[in-house]
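A short worksheet on the structure shown next.
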Amino acid sequence: LRNDLSPLTWEVRTALEWVRDHVLTGAPGSISCADRKTYFLFLDGACSEPSSSDECSGVSIGAVLADGHGKLLHYFGHVVDPAIVKTWGRADQIQHVFEAEVLPYSVCLWVWRRILEHACVFVFIDNEAAKACWIAGFAQSLTARRVIHNGTVREAAIDLHPFFSRVPTHSNLADDPSRGRFNELERLGARRTN
């Protein structure tokens, strides 16, 4: 880009440069009628008051992956490092539930990338705003925007075809692991991913 485009913000300039670089060097898209494996992915983020007596307190995320027949395969539940959470917003911001709801999908695309490669996945999120942001590929929150960018780059790299849908919280299989509860998933045969 030319240097005389100073009215553009750093963020717009960076985004335009990324599009330029990836459109010119990226592989062409293709449409295929080939069968793809299908998976079901349940996601959740949680925020609670940090407590020394509860190891799963603070900001936490969880996810559950099932195959196309509904058999539970894998899950994770993880507390996000408080030092990382502090970088997610203003210094006085204490609630980060939106960012916590956006984060698990991007994490899944890294930890389960070999399983999800060249697949279709139904993604169930119990937060309407997080679901809408993944569909749009954009968020107002800078942290969420970075997570979404990372996730969409990963989607393209593994050739994943997602479909996002809302799931009520009481039906969300990822609600338990996002709160450090794993017994039921273990009983149902899911394996924990650390």
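Across the accessible surface of region 22-156, with the other protein chains kept in place and a 1.4 Å probe, carbon and sulfur atoms take up 58 percent.
Assuming 1.567 mPa s and 4 °C, estimate D for region 117-194 with Stokes-Einstein, Rh taken as the Kirkwood radius over Cα pairs, in µm²/s. D, rounded to a whole number, is 91 µm²/s.
So which trypsin sites (Lys or Arg not before Pro) in region 83-184 pass both tests, a DSSP loop state and at most 16 other Cβ atoms within 10 Å of the Cβ?
Within region 83-184, the qualifying trypsin sites (Lys or Arg not before Pro) (loop, at most 16 other Cβ atoms within 10 Å) are Arg90, Arg181.
Per-residue 3J(HN,Hα) values for region 55-71, derived from phi via the Karplus relation 6.51 cos²θ - 1.76 cosθ + 1.60 with θ = phi - 60°, read 5, 9, 8, x, 8, 9, 10, x, 7, 9, 10, 10, 7, x, 9, x, 6 Hz in sequence order (x marks Gly and Pro). Short-range pairs are left out: with C-alpha atoms under 8 Å and at least six residues apart, the relative contact order of the chain is 27 percent.
Given +1 at the Cβ of Lys and Arg, -1 at the Cβ of Asp and Glu and no other charges, the dipole of the chain around its Cα centre is 420 debye to the nearest 20.
Residues whose amide H falls under 5 Å from that of Leu160, counting only those 5 or more places apart or on a different chain, are His118, with hydrogens built in the peptide plane. Pairs of Cα atoms nearer than 8 Å and 6+ residues apart set the relative contact order; for region 120-166 it is 63 percent. 3J(HN,Hα) along region 159-165: 6, 9, 10, x, 10, 9, 9 Hz, from the Karplus curve 6.51 cos²θ - 1.76 cosθ + 1.60 with θ = phi - 60°, whole Hz, x for Gly and Pro. Computed from phi, the 3J(HN,Hα) profile of region 168-185 under the Karplus parametrisation 6.51, -1.76, 1.60 (θ = phi - 60°) reads x, 4, 5, 9, 7, 5, 7, 4, 5, x, 6, 10, x, 10, 10, 4, 5, 5 Hz, with x in place of Gly and Pro. Solvent exposure of the chain amounts to 60 Å² per residue of accessible area, where only protein heavy atoms count and the probe is 1.4 Å.
The values are calculated or read from the model by the stated rules, or taken from the named source; none is laboratory data. The shown structure was predicted, so the numbers you read here are calculated from the model rather than taken from an experiment. Positions of Cβ are backbone-derived with ideal geometry, glycine not excepted, and every protein chain shown enters the neighbour counts. Accessible surface is based on the protein model in full, side chains and every heavy atom, while ligands, DNA and RNA are left aside. Shrake-Rupley method; radii C 1.70, N 1.55, O 1.52, S 1.80 Å.
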